[in-house]
1. With r defined as the distance between the Cβ atoms of Glu61 and Lys18 and R0 fixed at 45 Å, what FRET efficiency is calculated, to the nearest 0.05?
2. For the residue pair Thr29 and His102, what label-to-label distance in nm results when each label sits 7 Å from Cα along the Cα-to-beta-carbon direction?
3. Starting from the amide H of Lys53, placed 1.01 Å from N in the peptide plane, find each other amide H under 5 Å away whose residue is 5 or more places distant or on another chain.
4. Highest first, please rank the peptides 16-24, 77-85, 52-60 by the mean number of other Cβ atoms sitting within 10 Å of their residues.
5. Length gain on complete extension for the stretch Lys38 to Leu139, per 0.36 nm per residue less the alpha carbon to alpha carbon distance?
Amino acid sequence: MQEELNEKTIALCFKGGKLTAGIFKAGVTHYLSEKDKKKQAQRMMGKSTKNGKQSLKRMMETGSELTNIEITDSNIKSFEKVARKYGIDYSLKKDKSKDPPHYLVFFRAKDEDVMEAAFREYTGESLGKEKRPSIRQRLTKAKERLAKHRQQERTRQKDRGQSL
């Protein structure tokens, strides 16, 4: 799979009596200018190659293999952040048949290792958020510690007299 992505070939056909450097140069420059025109036309039409969130139809047009997972978490934004960081193309579909809505995420990446690293980071991040106490809980604990500290200060007595 990787070799197919790295190796790209083009075939140019020239018409002429004799292939000279000038004819070859003209053919290559014509090819490159046509390629640039196609890219500009695609940008104008809004079909430039982009990464990140896309429609499922657009992802299927490329013909590459798509994989999907199911996310039950309502916080999809955290996944979007990780997907953008790793350059993963993805599409979200909402499954309305279930009572709490489930989301199907269709995705594709350049390499399986990249995809694996992105999901590892996403799951680690989401698990870390669940284990972490909320800010309100941390504030109440800090208030309790501060109140105990003040009580200890009040009960402390200093001995200023000289002892023999």
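Since every read-out is calculated from the coordinates, none of them should be taken as a lab result. Note that the coordinates shown come from a computational prediction; the quantities given were computed from them, not determined experimentally. Please note: Cβ atoms are built from the backbone with ideal geometry, for glycine as well, and neighbour counts cover all protein chains shown.
1. Given R0 = 45 Å and the Cβ-Cβ separation, E is 0.60.
2. Modelled inter-label distance: 6.0 nm.
3. The list, which skips near neighbours in sequence, is Tyr90.
4. On the way: 16-24: 9.6, 77-85: 15.8, 52-60: 13.3.
Ranking the peptides 16-24, 77-85, 52-60 by packing returns 77-85, 52-60, 16-24.
5. 30.5 nm
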